[in-house]
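Enquirer: First the structure, then my questions, so here it is.
The values are calculated or read from the model by the stated rules, or taken from the named source; none is laboratory data. Everything numeric here is computed off the predicted structure, so don't read it as measured data. So basically every Cβ, Gly included, is an ideal-geometry build from the backbone, and we count neighbours across all protein chains shown. When the accessible area is computed, the model is the full protein with side chains, heavy atoms only, and any ligands, DNA or RNA have been set aside. Shrake-Rupley method; radii C 1.70, N 1.55, O 1.52, S 1.80 Å.
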There are 2 protein chains.
Amino acid sequence: MSRSKALLAELFAPVAGDLERMRGVLTDELGDSSPVVSDMLDHVARFRGKELRGALVLLAGEATGNATDEHPKIAAIVEMIHLATLVHDDILDGAEVRRRVACVNQRWNNQVAVLLGDYLYARAFARSTELSSRLTSRLLAETTKVICVGEIEQSTARYDFDMTQERYEELIGGKTASLYAAACELGARYPGGNDEVGAGMRRVGYDLGLAFQIVDDCLDLTGTQEAVGKTVGCDVEDGKVTLPVLHVYASANEDLRGRIRDVFTLPGLEGRAGVLRETVDLEPGLAFAMDRARSLVKSALDELGQLPESPARASVERVCGFVLDRSY
Amino acid sequence: MSRSKALLAELFAPVAGDLERMRGVLTDELGDSSPVVSDMLDHVARFRGKELRGALVLLAGEATGNATDEHPKIAAIVEMIHLATLVHDDILDGAEVRRRVACVNQRWNNQVAVLLGDYLYARAFARSTELSSRLTSRLLAETTKVICVGEIEQSTARYDFDMTQERYEELIGGKTASLYAAACELGARYPGGNDEVGAGMRRVGYDLGLAFQIVDDCLDLTGTQEAVGKTVGCDVEDGKVTLPVLHVYASANEDLRGRIRDVFTLPGLEGRAGVLRETVDLEPGLAFAMDRARSLVKSALDELGQLPESPARASVERVCGFVLDRSY
C-alpha cells in the first residue's frame, strides 16, 4: 500500500468496515453483462481515487449517530456520480492523464467517453431508486444539475480575468462543493428527518468542498504530474482563471496584466502554466488562496464542534486537515 | 403550421389537452435561473421534434384507461431524456445539422454539449423523483442505462459487415426501442399495478421503436437533408452498418463486398452515402428492411388489438402507420 493510501486508511478507520462494504458495492456496480461495457468499466475502476466523498457519507453518518445499513450503498452511489463527472471532465479539458491511467477518451474516443459517463450517471440513479427512502435520488439528481450548471458557467467564464472572488466561489461551489455538501447531508440525514443536523453537515461539506477545489486549483498551477497523479496546468491551458491568478491579476499593473493575458491566450504556446510561473510571481496569489482555504476549513471545524466528540468526528476533522496539506 | 405538424396534431387528437400540458411542463423545464444555461436550453428547445415518445405515454395511458394527472409530466420527462440523448448524439457522430438547427456542439463546443446533455438527464431524473410513485424514476434510469449500452455496443460494432440481423436488432433495441417501450409501459402502468397490460404495451412500444429505427436507417441512406431535417448519410460516414446494407452485403459476391467496404473505409471520400448508392443497388436491402419494419408494426397492431376499441387506440394504430410512411 502506498504511503498516501495508508494515510487515508488511517483517516477513515472509524468507518473501515462500511468503507469495505462501499467498495464491494462499487466493484459490483462497475461490471455489466455487456463485455464491451464491462471492459470499459474495468478501466474506469482504476480512476477510483481518494474516495473522500464516499467516506464523508459514512463518516457524517457515524459522527451524527445516523448511520444505517444503507449508508455504504449511498456512499457508492456518490462515488459513481463522481466517477461519471471525471469521465466527462476528461472530454472537457482534454486532460491526457488522470490518476496516471490513460483517460477513457484517449483509450477509446469521445463518443464512448460521453456514453460511459452517461451510463455511470444512469446506473447511479437506478441504484438510488432501490433505496428505501427517495431522499438520495432527489438530492443527487438536484446536485448533478447544480454540478452541470457550475461547469457550464465556468466554461463560459473562461478568460474572465476580472471575475470577483465571490463569483469564483459560486462556480466552484456548483461544480465541486455541491457534491461534498450532498455527501455530508445524506450521511447525516438519510433516510429523512434530522433536518438541523443535516443542514449543519451540509455546510461542513460545502466549505470543505470549496477548500478542496481551491487547493486543487493551486496544485494545478504548482504541482507536477508525477505528484498530483493527473495532468497539471490544465486550467491555464483551458483559460480557467482560478483564485491565485485572479488575486495576482487584480493587484498587477496594466503591463503585467497584459503579459498574464498573453500567457493564457497567445496561440501555440507550450506549457502555459510553466510560462505563467516564469512571467509572474504567483506566490502572493497562492498564499491568498491557501489562506482562504484555511478559513473555509476553520468554518467547517467550528460547525463540526457542535457535534458530540467521537472517533468519526475526529476523522472528519483530520480529513479537513488532509484537504489543506495534500500534495495530490 | 407545416403539413407534417398538422398531420401529427391530427394523429394525437385524443390527447390534445394533455399534450399541451406536456408542452407546458417541457417549456418550464427548458428554463433555468442561470442565464447562460437558459440561453442554451432555448436553443435545445428548437430540437423539439415530433414528440412521438411523449405522445405515446399519453396515448398508452388513454388507450388502457390508465391516464392520470401525472401523465403529462411523465411524458415531458420522457421527452427530456430523448432531448438529452440527441444533444449527446450530436457529439457522437459529428452531425452538423439536427432538425435544421445548428447542433449544440457546433454553436458552442463539445464541452458544453456534454454538460448540457448531463444537465437535461439530471433535470429529468430530478423531476421524476417528485412524482407520487417511484416507477418513473426506476424505469427511466434503467432505460437510460440500456440506451447507453446500446449506443456503446453500436459504436464498437462499427465496420462489422458480418453482423447478424438479430444482433443489429439488439443494438437498435437498446439505443432506440427501449425508450419507446418505456414510454408505452409508463403510460399503461404508472403509478403501478396493471402489470399485464403494461407488459403488452411495452411490447407495442418496443416493436414500434425497432420499426422507427429501421425506417430511420433507411432514410439515412436515401433521404435528403432537406426532407429529413437532419444530416443524412451519417451512418455510412460513421461506419454504422445498418440493416439495408447488411442485407445487400450478405448476398453480394467477394468483389462487391470489397467495394462496399471501400466506400465505408477509404480515407478522404466525400459523401459516402451517395457513393454507396452509385456503387451498389441498395433497393433489395431497403425493401428487405422495410418488410421487416412492416412486420414489426404488424406485431404491434396485433398486440394493440387486445385493447378495447377507442379513439386513443386508433391513434396509436395510426402512429404505427406514420412510422412506416414518414419521409422525415
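Enquirer: Going by the conditions given, is B:V236 within 25 Å of B:D89 (Cβ to Cβ) and more than 20 Å from the chain's Cα centre (by Cα)? Give the steps one after another, and end with the answer.
Expert: Numbers: within 25 Å of B:D89 (Cβ to Cβ): yes; more than 20 Å from the chain's Cα centre (by Cα): no.
Against the criterion (within 25 Å of B:D89 (Cβ to Cβ) and more than 20 Å from the chain's Cα centre (by Cα)), B:V236 does not qualify.
Enquirer: Within region B:199-241, track down each residue that is small (G, A, S) and without any contact (Cβ under 8 Å) to a residue 60 or more places away in the chain.
Expert: Of everything in region B:199-241, those that are small (G, A, S) and without any contact (Cβ under 8 Å) to a residue 60 or more places away in the chain turn out to be B:A199, B:G209, B:G233.
Enquirer: Residues A:G205, A:G209: which one is touching a Ser or Thr at 6+ places or on another chain (Cβ under 6 Å) and closer than 17 Å to A:T143 by Cα?
Expert: Details: A:G205 fails: touching a Ser or Thr at 6+ places or on another chain (Cβ under 6 Å).
Being touching a Ser or Thr at 6+ places or on another chain (Cβ under 6 Å) and closer than 17 Å to A:T143 by Cα holds for just one of A:G205, A:G209, which is A:G209.
Enquirer: Only one of B:L92, B:L30 is closer than 27 Å to B:L210 by Cβ and either away from every other protein chain (no Cβ under 14 Å) or at pLDDT below 95 (or both); which? Give the steps one after another, and end with the answer.
Expert: Details: B:L30 fails: closer than 27 Å to B:L210 by Cβ.
When all the criteria are applied, what remains is B:L92.
Enquirer: Residue by residue through region A:211-236, note down the ones that are of a type in the set (A, V, I, L, M), assigned to a helix (DSSP H, G or I) and either open to solvent by 10 Å² or more (accessible area, probe 1.4 Å) or closer than 17 Å to A:V275 by Cα (or both).
Expert: Within region A:211-236, A:L219, A:L221, A:A227, A:V228, A:V236 meet the criteria.
Enquirer: Only one of these conditions is not met by B:F12: (1) of a type outside the set (D, E, K, R); (2) modelled with pLDDT of 95 or more; (3) closer than 20 Å to B:L131 by Cα; (4) open to solvent by less than 20 Å² (accessible area, probe 1.4 Å). Which number is it?
Expert: For B:F12, the exception is condition (3).
Enquirer: How many residues are among the β-branched types (V, I, T), open to solvent by 20 Å² or more (accessible area, probe 1.4 Å) and out of contact with any Lys or Arg (no Cβ under 8 Å at 6 or more places or on another chain) when one looks only at region B:270-298?
Expert: Count: 1.
Condition check ((1) more than 20 Å from the chain's Cα centre (by Cα); (2) open to solvent by 10 Å² or more (accessible area, probe 1.4 Å); (3) closer than 21 Å to A:S128 by Cβ) across all residues:
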position: A:S34; (1), (2), (3): yes, no, no
position: A:V37; (1), (2), (3): yes, no, yes
position: A:V44; (1), (2), (3): no, no, yes
position: A:R48; (1), (2), (3): no, yes, yes
position: A:G54; (1), (2), (3): no, no, yes
position: A:G65; (1), (2), (3): yes, yes, no
position: A:E70; (1), (2), (3): yes, yes, yes
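Enquirer: Where in region B:105-172 are the helices (runs of 4 or more DSSP H), entirely inside, with at least 2 residues that are within 7 Å of chain A (Cβ to nearest Cβ) and aliphatic (A, V, I, L, M)?
Expert: Where helices (runs of 4 or more DSSP H) fall fully within region B:105-172 and carry at least 2 residues being within 7 Å of chain A (Cβ to nearest Cβ) and aliphatic (A, V, I, L, M), they are B:110-128, B:135-156.
Enquirer: Can you confirm whether A:V44 is in contact (Cβ under 8 Å) with a residue 12 or more places away in the chain and within 13 Å of chain B (Cβ to nearest Cβ)?
Expert: Numbers: in contact (Cβ under 8 Å) with a residue 12 or more places away in the chain: yes; within 13 Å of chain B (Cβ to nearest Cβ): yes.
Yes: the conditions hold for A:V44.
Enquirer: May I ask you to verify whether B:L139 is out of contact with any Gly (no Cβ under 7 Å at 6 or more places or on another chain) and under 15 Å from B:V78 (Cα atoms)?
Expert: yes
Enquirer: From the residues in region A:136-148 that are crowded, with 23+ Cβ neighbours inside 10 Å and of a type in the set (V, I, T), which one is farthest from the chain's Cα centre (by Cα)?
Expert: The extreme case among them is A:T136.
Enquirer: Return the only residue of B:V316, B:V263 being open to solvent by less than 40 Å² (accessible area, probe 1.4 Å), more than 29 Å from B:F47 (Cα to Cα), modelled with pLDDT of 95 or more and in a helix (DSSP H, G or I).
Expert: B:V263 is the lone residue from the list that is open to solvent by less than 40 Å² (accessible area, probe 1.4 Å), more than 29 Å from B:F47 (Cα to Cα), modelled with pLDDT of 95 or more and in a helix (DSSP H, G or I).
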